[in-house]
Amino acid sequence: MEHIMKLNLSPFQKIQSGKKTIELRLYDEKRRKIQIGDNIRFINTDNPSETLVAEVVNLFVFDSFEELYRKLPLLECGYTDQNIKTASPKDMDIYYSKKLQEQYGVVGIQIRLI
């Protein structure tokens, strides 16, 4: 099965270059349908004609981004050597409200470009 996800330019480029191999999302109804072996087509929001296809190789489900940030390698989640020291689960609050995070939980989707 193929799923569609939109990405801003920076995370899109990090996946494209192989620097980001874990995509962080809310574990809502849409993401609960994703299974290991499925494909995800990432669409660059700056240029929707530009896409990447990746295979889901693992799913890491957590109750909160706080737990996810403690257990997953953040350099694989899109952080760099320059900003890893300031990485915080609060960084995800701009995408998903605390209420939604508590309601659904969160997921790290480990991918491999194909």
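A few remarks follow.
- The set of residues in segment 75-108 that are part of a helix (DSSP H, G or I), in contact with a strand residue (DSSP E or B) (Cβ under 8 Å, 6 or more places away or on another chain) and of a type in the set (A, V, I, L, M) comprises MET92, LEU100.
- The set of residues in segment 46-74 being in a loop (DSSP other than H, G, I, E, B) and more than 23 Å from GLN103 (Cβ to Cβ) consists of ASP46, ASN47, PRO48, SER49, GLU50, PRO73.
- Within segment 9-45, the set of residues being surrounded by 11 or more Cβ atoms within 10 Å (Cβ to Cβ) and either aromatic (Phe, Trp, Tyr) or in a loop (DSSP other than H, G, I, E, B) (or both) comprises PHE12, LYS19, LYS20, THR21, TYR27, ASP28, ILE34, ILE36, ASP38, PHE42, THR45.
- Of all the residues in segment 91-114, those that are in contact (Cβ under 8 Å) with a residue 24 or more places away in the chain and among the basic types (Lys, Arg) number 1.
- Residue identified as polar (S, T, N, Q) and surrounded by 15 or more Cβ atoms within 10 Å (Cβ to Cβ) among SER97, SER88, SER49, SER64: SER64
- The condition (being out of contact with any Gly (no Cβ under 9 Å at 6 or more places or on another chain) and not basic (Lys, Arg)) is satisfied by just one residue among LEU75, LEU26, LEU59, LEU113: LEU75.
- Pairs where the first residue, in segment 39-67, is among the aromatic types (Phe, Trp, Tyr) and the second is surrounded by 15 or more Cβ atoms within 10 Å (Cβ to Cβ) and in a strand (DSSP E or B), C-beta under 6 Å, 6+ apart: PHE42/MET5; PHE42/LEU7; PHE42/LEU52; PHE60/GLY108; PHE62/VAL106; PHE65/VAL106
Just so you know, all these numbers are worked out from the coordinates, no wet-lab data involved. This is a predicted model, so every value here is computed, not measured. Backbone-built Cβ (ideal geometry, glycine too); neighbour counts: all protein chains shown.
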